[in-house]
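Novice: To start, I am sharing the structure in question, which I have written as structure tokens.
Since every read-out is calculated from the coordinates, none of them should be taken as a lab result. Since the structure is predicted, the reported quantities are computational estimates derived from the model, not experimental observations. Note that we place each Cβ from the backbone using ideal geometry, even for glycine, and neighbour counts take in every protein chain shown.
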Amino acid sequence: MNGEVGARVEVRSISKIFRRSRQVTQALASVDLCVEPGEFICLLGPSGCGKSTLLHIVAGFIAPDAGEVRVDGIAKTGPGADRCMLFQAPTLFPWLTTIDNVLFGLRARGAITSESRRQAGELLELVGLGSFGGHYPHQLSGGMRHRAALARALINRPRVLLMDEPFAALDAITREAMQNFLLGLWGRERTTIIFVTHDVEEAALLSDRVCVMSGRPGRIIATEEIALGRPRDEVLRDTAEFVSLRRKLRERLADA
Amino acid sequence: MSSIPASRPSGSSRLFDGVLPRARHWLISIGSVALGLVVWHLAAVVVVRDPVLLPGPLATAQVLIRYLSTPYPADGETLIGHALVSMARVLAGFAVGSIIGIAVGALMAGIRGFRAMVDPFIEITRPLPPLAFVPVLIVWFGIGEAPKIILIAAGVVPVMAISTAAGLDGVSNDMLNCARCLGASEWYTMLHVRIRAAMPQIITGMRLSVGLSWTSIVAVEMIAATAGLGFVILQAGQFLNTSLIFSGILIIAALGLAIDAALRRLQWHLDPSMRP
């Protein structure tokens, strides 16, 4: 393992066209993006703008028609444990207990050791599910499932976390708790995070930089540095600085 | 619905989910079976009053218990012996049919063209009565065990193919991608996620198939059989021994229930969300 956890992610002139029967959709048109090690960026855009497609390409789930993805300078063509994706639904494996869900990555990679169980227990402790290791996913609440999914992702010590509107389906209170939880976690681990959202406030609150994407064909039309201090708490949401930033992002989004 | 972990409410609060509490569910079920027996008894003893047309439950039970251990004079075999013969045929046909059906279903889910190829055959064979195949199977395979097992398997294959394909199709892309980005290889993802996630639905297909296997046992044992419950029923019909017919039917019902209970147990084991 390198000293630094977060990796540099470079997206170089990625294009993607979807052909369904006779309909041709240009999902992404020559997208360039460079994410610094340990940076937290948000991809903000209207639904259907290809931000999710871009994330799937970075994860290696779909191949681009042109361009390439590099992680710390190494071109990636398929999925790998170095880039972990978190989906809108927690997608826990329903037949595994919470702790076995967390251990899945190690088992799949044949990296299980006598230490693994303790390590998984510690991660569950970290996400506040210390006493739920033996529960099955259907016995957990929505927020708990998301935290379990996060613990499952973290056991591989991924260098990049890809988050595809992970909190969009949660209620407002749980969402805010998960946002704060994620910020706290990122503050410690400094994993590179690419976070897809269509929520302006969420983008402004979480990230170092917001990339605003336009609708079809998807491309990055504006980049906004978020120069707010950290840690960011609830009080920040009401400051004039935050409100004007939010307005600026909303205007950019309206141009898209 | 997401539920509160740790302690779950049980008993009366379940009523609000539209599900009766377990104990009451059982009481009502047992009561309805008892009521059925009473109606049967009254119909036989008070209304029909002819044991050849309709023997009552008591008379049937008597015959059933007698021939469980004593061979029936006409064919020198006890009902237990017949049951074992039929059971072996059903299990063999079910096993062969399941293996072929699961393989076909997996190919349907995996290869797009294959499904288009196989679909019409499945749709054509599904509604066909097994009885229709008896003569042609005798012509092709003779009168040994082979045509009997093939007849049962033929009914199982389409059901297993459809439920396997549906189970594998139902596994979301996100779940597969999730396994991949946790470091699982394509092979590991296929084996430990896609197939594993489809297991409950495959077992559901098996439960349907076992029922189907038993429904064709009488047709199967029309193929020159000299033993088996279907054979007993056919023979007893010729001798107007109605209580023996009923005995055979009851044993088939009991065996069908027993296998289904075993499969349900297996399903309960494989699918934690079936448990409270």
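Novice: Give the distance, in whole Å, between the Cα centre of the range B:158-206 and the Cα centre of the range A:147-195.
Specialist: For the range B:158-206 versus the range A:147-195, the Cα centre distance is 27 Å.
Novice: Taking beta carbons within 10 Å but only from partner chains, what does the mean come to for residues A:129-138?
Specialist: Per residue, the number of nearby Cβ atoms from other chains is 3 on average.
Novice: On to the next question. What does the average come to when, for each residue of peptide A:87-94, you count the partner chain Cβ atoms lying within 10 Å of its Cβ?
Specialist: Across the residues of A:87-94, the mean count of other-chain Cβ atoms within 10 Å is 5.
Novice: Same structure, new question: What's the FRET efficiency of residue B:126 with residue B:42 using the Cβ-Cβ distance as r and R₀ = 35 Å, to the nearest 0.05?
Specialist: It comes to 0.30.
Novice: When every alpha-carbon pair in the range A:184-256 is counted, what percent end up more than 19 Å apart?
Specialist: 35
Novice: Okay, next question. Scan around residue B:77 for amide H atoms under 5 Å from its own, H built in the peptide plane at 1.01 Å from N, and keep only partners 5 or more places away or cross-chain.
Specialist: The answer is B:72.
Novice: Under the rule of at least 5 residues apart or a separate chain, name every residue whose amide H is placed under 5 Å from the amide H of residue A:222.
Specialist: Close amide H contacts, sequence-distant or interchain: A:212.
Novice: Out of residues 5 or more away from residue A:86 or on other chains, whose amide H comes under 5 Å of its own, with H placed 1.01 Å from N in the peptide plane?
Specialist: Here A:162, A:163, A:164 satisfy the definition.
Novice: Would you kindly give the portion of the calculated P(r) for the range A:52-91 that falls above 14 Å, as a percent of all Cα pairs?
Specialist: 44
Novice: Under 21 Å Cα-Cα from residue A:248, which lysines qualify once same-chain neighbours fewer than 8 residues away are excluded?
Specialist: Cross-link targets: A:51.
Novice: Net charge around residue B:134, counting only other residues with Cβ within less than 12 Å of its Cβ (Lys, Arg = +1; Asp, Glu = -1)?
Specialist: Neighbour charge sum, excluding residue B:134 itself: 0.
Novice: For the protein assembly as shown, give me the percentage of DSSP beta bridges that are antiparallel, rounded to the nearest 5 percent.
Specialist: 55
Novice: Additional query: In whole Hz, with x marking every Gly and Pro, tabulate ³J(HN,Hα) for the range B:101-111 from phi via Karplus 6.51 cos²θ - 1.76 cosθ + 1.60, θ = phi - 60°.
Specialist: x, 5, 4, 5, x, 5, 5, 4, 6, x, 10
Novice: Shifting gears a bit: In peptide A:73-86, what is the residue-averaged number of other protein chain Cβ atoms found within 10 Å of each Cβ?
Specialist: Average per residue, whole number: 3.
Novice: Now, a different point. Whole-Hz ³J(HN,Hα) for each residue in the range A:210-224, computed from phi via Karplus 6.51 cos²θ - 1.76 cosθ + 1.60 with θ = phi - 60°, x for glycine and proline: what do you get?
Specialist: My calculation for the range A:210-224 gives 10, 9, 8, 10, 9, x, 2, x, x, 8, 7, 9, 7, 10, 10 Hz in order.
Novice: Around residue B:153, what is the net charge, scoring Lys/Arg as +1 and Asp/Glu as -1 over all other residues with Cβ under 13 Å from its Cβ?
Specialist: Within the 13 Å Cβ shell, the charges total +1.
Novice: If each of residue B:114 and residue B:88 carries a label point 7 Å out from its Cα toward its Cβ, how far apart are those two points in nm?
Specialist: Each label point lies 7 Å from its Cα, and together they span 3.4 nm.
Novice: Against the globular-protein guess of 2.2 N^0.38 Å, express the Cα radius of gyration of the protein assembly as shown as a ratio, rounded to two decimals.
Specialist: 1.31
Novice: Based on alpha-carbon centroids, what's the gap between the range A:86-121 and the range B:92-149 in Å, whole number please?
Specialist: 40
Novice: Separate question: Could you list the chymotrypsin sites (Phe, Trp or Tyr not before Pro) in the range B:225-276 that lie in coil according to DSSP, counting only those with at most 16 other Cβ atoms within 10 Å of their Cβ?
Specialist: B:239
Novice: Where Lys and Arg each count +1 and Asp and Glu each count -1, what net charge lies around residue A:103 among other residues with Cβ under 10 Å from its Cβ?
Specialist: Counting the neighbours of residue A:103, the net charge comes to +2.
Novice: Let me ask you something else. Stretched out fully, how many nm does the piece from residue A:227 to residue A:70 gain, at 0.36 nm a residue minus the Cα gap?
Specialist: Result: 53.8 nm gained on full extension.
Novice: Between residue B:258 and residue B:49, 0.36 nm times their residue separation minus their Cα-Cα distance comes to what?
Specialist: 71.9 nm
Novice: Expected output is a single nm value to one decimal: the length gained when fully extending between residue B:273 and residue B:173, i.e. 0.36 nm times separation in residues minus the C-alpha distance. What is it?
Specialist: 33.9 nm
Novice: For chain B, with equal point scatterers placed on the C-alpha atoms only and solvent neglected, what are the log10 I(q)/I(0) values from the Debye formula at q = 0.10, 0.13, 0.15 1/Å, to two decimals?
Specialist: Values returned for q = 0.10, 0.13, 0.15 Å⁻¹ are -0.72, -1.04, -1.18.
Novice: Relative contact order (percent) for chain A, with alpha-carbon contacts under 8 angstrom and 6 or more residues of separation?
Specialist: Dividing the mean separation by the residue count of chain A yields 27 percent.
Novice: Return the FRET efficiency for the residue pair residue B:34, residue A:122: r is the Cβ-Cβ distance, R0 is 51 Å, and the value is rounded to the nearest 0.05.
Specialist: 0.35
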